[in-house]
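See below for the structure under consideration.
Each reported figure results from applying straightforward, stated rules to the coordinates on display, with no laboratory input. Because the structure is a prediction, the values reported are computed rather than measured. A quick note on method: Cβ atoms are made from the backbone with ideal geometry, for glycine too, and the neighbour counts reach across all protein chains shown.
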Amino acid sequence: MRANRVSALIMLSLAVAFNVFPLLALAQNSQASSKYPCAFIDTVNITGSYPHEQYGIGNNSNAQHFNNSYIYEWMIIPPELVAVYDFIIKNGIRVQTERHLRACVCKLKPCIRFCCSQGFFYSLENKSCSPISSIVDNFVDQDFMEIRFTNGSIGTISTSGHFLVHHGTPCEHMRTITKDNHYVHWTLHENGTIAYKNHLFSKHYCFSAFPESNKDNEMDWQWQPLACVPERLPFILGVREWTYAICLIITVICMIIILFVYLLCTDLRNTFYGVAIKSYTLCIIVGYSLLAHLTLTNPANMSKYACSKIPSFALLYLVLSFYILSFISFNFYLSFFGIILSNLMFWFIFFPIVIIAACWSFFVSFDLYNNRPVFGNEICWFDPRNWSILVYLYVPILLSCVFSGIFYILSLIKLSDGPDIDVNKLMASVSRNRFKSFWKFFGYTLSTWLVCMCSFAINCYRGERTHINYVVCLFIAIHGFGSLYALVGKNQQIQNFLRKIEDEIDSDEIAEISMPMSNF
C-alpha cells in the first residue's frame, strides 16, 4: 500500500512537472516577446537582410549553425537587439502592419537623421523637400558634420563613417526651435545626442539646412534639427469659439420658448405631434448645452470620465433629435390614410430608438479611430484631424434625413391626389398648416447641419480652421430663430392659442376697469 502511494505521488509530481513547466516557459517566452529591446525610433527594418551564421564548437562544416544574428550596413546585429514587430509608429500613432523584423541599430552605432537627401532642404511652408538653387555656393554638405567629442574638443568628421545616416522626416509636421526669433545653435555630440546648455533635443528629429544672416548681412546655411509638432491639439478659446457657443445658447433659448409654448397649448399638448416636438426641443436643449460646455471648457480641466461621457451624451441627444423628426414625418404620412397615432404610440416607438441610440453612443465612447479613442483623448469632442465625426455622427443624421425625405415625398404624392381624398377627413386628421410649418422648420434644421458637414470637410481638407466656421455659427442661430418662426409663428393652432390667451387677458382688464368702485 505504501509503495502504491509513493508511486502515485511520483506520477502526480511528474504530471505536474510536465504540464506546469511548459506553461511557465510559454509565459516567460510570451513575456519576453512582448518587450521590445529599444524605442521604435532607434530601429530599422531589416527584413531581407543577410543572416550571420554562428557555428557551434569546433567551427567545422558539420557543426550545427544558428541564424540568430543579422548583418546590416556591415555590422553584426546580435539576436537580443532583433525583434518581430507588427506595427510602425507614424506621426506618434501606433499603426498595425504586417509582421517584420526590426533591429536596434542605433544601440550599436550612433544615428543621425537628415530630413532630405543631399542638395535638398525641408520647406516648412510646403512641408516637403525642396531643391537648392544652383546659384547657392555656401550650401552645407551632408558628408561632413562638426561634432563635439567626449574630451570637449570640436572637430569635423565624415558623417557616413561615424554615424548611421537616415533620410526622412519622423513626422508629417516639423518645426524649428527658435529663441528671440533666432535659430538656436545646437551642438551635435559624438554619441549622436543634440544639446544646448544642458537641454537635450528629442530623438524624433531630422536635420535640415536653413539660411541665417551673419554680421556682414550675408546668408549662411547651417544645420538645424527640426522637431515634430506636438500631436496634441491646443485648447483655443478665441472669437470663433465664443461666437459658436453664443449661437448655441441662442438656439437653446429659442427651444426653451418653443417647449414652454407647446406645454401650455392644450390643443397640442397630448397629441403625437405635440409630444414629439416637446421631446425634440428637450434633446436639442441638452445636446446644444453640452456642445457649448465642451466648446468653452479646457479638456485639461476635465476628468477623463467627463471627457468621454459628456460628448457621448451630446451624441445621444443630437442623434435622437433627428429620429424624432423621422417619427413626425411618418405620422404625417399615416394621417393621409386616416391613421391617427396617439401620444402613447409615440412612446412605444420612441423607447426602442432610445435604447439603440444609447447603445450607439456607448459603443462610440469606447471605440477607437486610427488607434485613438474617439472621445477622451486630446479633445473631448471628435478629433477634427480625422473623419470620425462623419462616421459616428453625420452618417446617422443623414440616414434619418433620408427617411424623413422619403415620407415627405410620399406625403406630397398623396396631397397631389386631391380628388381621391376626403378633404374634411384630411383636415380632421392633420392640418395642412401644421404640415407646411413643420417642413419649413425641417428645412432650417437640414440646412444648418449640411453647412456643418461642409465646414468639417473643408477644415479637414485644408488642415486648419477657416472662416467658414463663422457661417456655421450663423446657421446655428438661424436654426433657433427659424424653429421659433416655423413651429410657433407659422403654426395656426399655436397662434389661435396665443390669441385666446391675449383675449382672456384683455377681457379681464376690461372687466376690472368696468367694475364700479365701492363707496367708503
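Note on THR150 and SER213: the extension gain reaches 19.6 nm, defined as 0.36 nm multiplied by sequence separation minus the Cα-Cα distance.
Extension gain, HIS100 to PHE87, is 3.8 nm, computed as 0.36 nm per intervening residue step minus the present C-alpha separation. Most tightly packed first, judged by the mean number of other beta-carbon atoms within 10 Å of their residues, the peptides 86-99, 259-272 read 259-272, 86-99.
Under unit Cβ charges (Lys, Arg +1; Asp, Glu -1), what dipole magnitude, rounded to 20 debye, does the stretch 147-297 have relative to its Cα centre?
500 debye
Along the stretch 189-206 the Karplus relation, 6.51 cos²θ - 1.76 cosθ + 1.60 evaluated at θ = phi - 60°, assigns HN-Hα couplings of 9, 4, 7, x, 7, 10, 9, 8, 6, 6, 9, 7, 7, 5, 5, 7, 9, 7 Hz to successive residues, with x for each Gly and Pro. Within a straight-line Cα-Cα reach of under 16 Å, LYS109 can be paired with the following lysines, leaving aside sequence neighbours fewer than 8 residues apart in one chain: LYS203.
Measuring between alpha carbons in the structure, the pairs from LYS179/LYS304; LYS414/LYS500; LYS278/LYS440; LYS90/LYS127 lying more than 26 angstrom apart are LYS179/LYS304; LYS414/LYS500. Using only side-chain charges placed at the Cβ, +1 for Lys and Arg and -1 for Asp and Glu, the dipole size of the stretch 111-228 relative to its Cα centre rounds to 520 debye.
Of the options ILE406, PHE362, LEU291, report the single residue whose Cα projects farthest towards the positive end of the charge dipole of the stretch 234-499 (beta-carbon charges: Lys, Arg +1; Asp, Glu -1). The residue sitting farthest along the positive end of the dipole is LEU291. Please state the shape class of the stretch 111-228: rounded when a/c is under 1.5, otherwise prolate if a/b exceeds b/c and oblate if not, all from the C-alpha gyration tensor. Taking the square roots of the gyration eigenvalues as a ≥ b ≥ c, the stretch 111-228 is rounded.
Each label point was placed 7 Å from the Cα along the Cα-to-Cβ direction; for LEU498 and SER202 their separation is 5.7 nm. Think of each Lys and Arg Cβ as +1 and each Asp and Glu Cβ as -1; about the Cα centre, that makes the dipole of the stretch 277-392 roughly 100 debye. Less than 5 angstrom separates the built amide H of TYR72 from those of ILE77, all sequence-distant by 5 or more or on a different chain.
Between the stretch 104-127 and the stretch 143-161, what is the C-alpha centre distance in whole Å? Spelled out, the Cα-based centre of one part sits 17 Å from the other.
Here r is the Cβ-Cβ distance between ASN45 and HIS293 and R0 is 51 Å; the resulting FRET efficiency, rounded to 0.05, is 0.65. Computed from label points 7 Å out along Cα-Cβ, the spacing between MET302 and VAL184 is 3.2 nm.
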